[in-house]
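Student: Can you keep this structure in mind? I'll have questions shortly.
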Ligand SMILES: [Zn+2]
């Protein structure tokens, strides 16, 4: 049940036919894990906290550096040298005091990835391809949707994997093709992670609400220099792990 004060606070959701009280309650009961609290994780975590998600898990092991502030809007000048988790916690609690936050101060790997099983879905906000394969395999194992975002220069891409038996990340990029670079190496326009991280949060909300057409089997590609979105079909691969489970 939602409290009177919650109905007021989330009235812009409750008034929507697709959400209503019932949908807002679903958001309150939802548990979402965000891996990486940097450029993509910042808008994703802020919007999900603002939307009334009940439990957010945050994974990061890094500290806030001055060059992070160019795009990682959850952190501020006062947070420099602080852990990203502590900095994010402060910003999130400023938006939503009722939220339950689980801070996971770890570098995600095959030995600790099982923590995803405590959540309804996982949002990939990392820039590390190896971690992506580990997340993907754990999401397959525990049957959790994986929301993927990638950014580089003036472009971004976003998709949802392992959703209702749809394709997985390995169907999209086979392990031998190392073609995604770290944005610190390639550079990125500050607002690109804002666009892509916000779409990741939106897909998470749609999945929790079970509304609309989720970005599964499709990659949404954003070309900022030409102000263009394109959609690329992603097929489930016959020889992929996700078909052998
Ligand atoms: Zn697959």
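Values in this text are rule-based calculations from the coordinates and carry no lab data. Just so we're clear, the structure is a prediction, and the values are computed from it rather than from any experiment. So basically every Cβ, Gly included, is an ideal-geometry build from the backbone, and we count neighbours across all protein chains shown.
Student: For the pair residue 95/residue 223, report the inter-label distance in nm, with labels modelled 7 Å from Cα in the Cβ direction.
Tutor: Distance between label points: 3.1 nm.
Student: Right, something else. If each residue of separation counts as 0.36 nm, what is the full-extension length gain between residue 61 and residue 238 once their alpha-carbon separation is subtracted?
Tutor: 60.1 nm
Student: What's the extension gain from residue 76 to residue 210 if we count 0.36 nm per residue and subtract their Cα-Cα distance? Walk me through the numbers on the way to the answer.
Tutor: On the way: separation 134, 0.36 × 134 = 48.24 nm, distance 3.43 nm.
Stretched out fully, the residue 76 to residue 210 stretch lengthens by 44.8 nm.
Student: Additional query: Going by average Cβ neighbours within 10 Å, how do the peptides 215-228, 146-159 rank, with the highest at the top?
Tutor: On the way: 215-228: 15.3, 146-159: 23.3.
Most protected by this proxy first, the peptides run 146-159, 215-228.
Student: Roughly how many Å is it from the Cα centre of region 13-38 to that of region 189-228, as a whole number?
Tutor: 16 Å
Student: Also, quick follow-up: Over region 4-243, what relative contact order in percent results from Cα pairs under 8 Å that are six or more residues apart?
Tutor: Details: 466 pairs, mean separation 47.0, N = 240.
Value for region 4-243: 20 percent.
Student: Quick one: if you take sqrt(5λ) for each eigenvalue of the C-alpha gyration tensor of the chain, what semi-axes come out, biggest first, whole angstrom?
Tutor: On the way: eigenvalues 133, 102, 65 Å².
Result for the chain: semi-axes of 26, 23, 18 Å.
Student: How long are the semi-axes of the equivalent ellipsoid of region 32-134, defined as square roots of 5 times the Cα gyration tensor eigenvalues? Whole Å, largest first. Show your work: numbers first, answer last.
Tutor: Numbers: eigenvalues 78, 60, 24 Å².
They are 20, 17, 11 Å, listed from largest to smallest.
Student: What value, in deg cm²/dmol to 500, does the helix sum -39500 (n - 2.57) over DSSP H runs of n ≥ 4 give at 222 nm once divided by the residues of the chain? The partial results should precede the final answer.
Tutor: On the way: 9 runs with 83 residues, N = 245.
Value at 222 nm, helices only: -9500 deg cm²/dmol.
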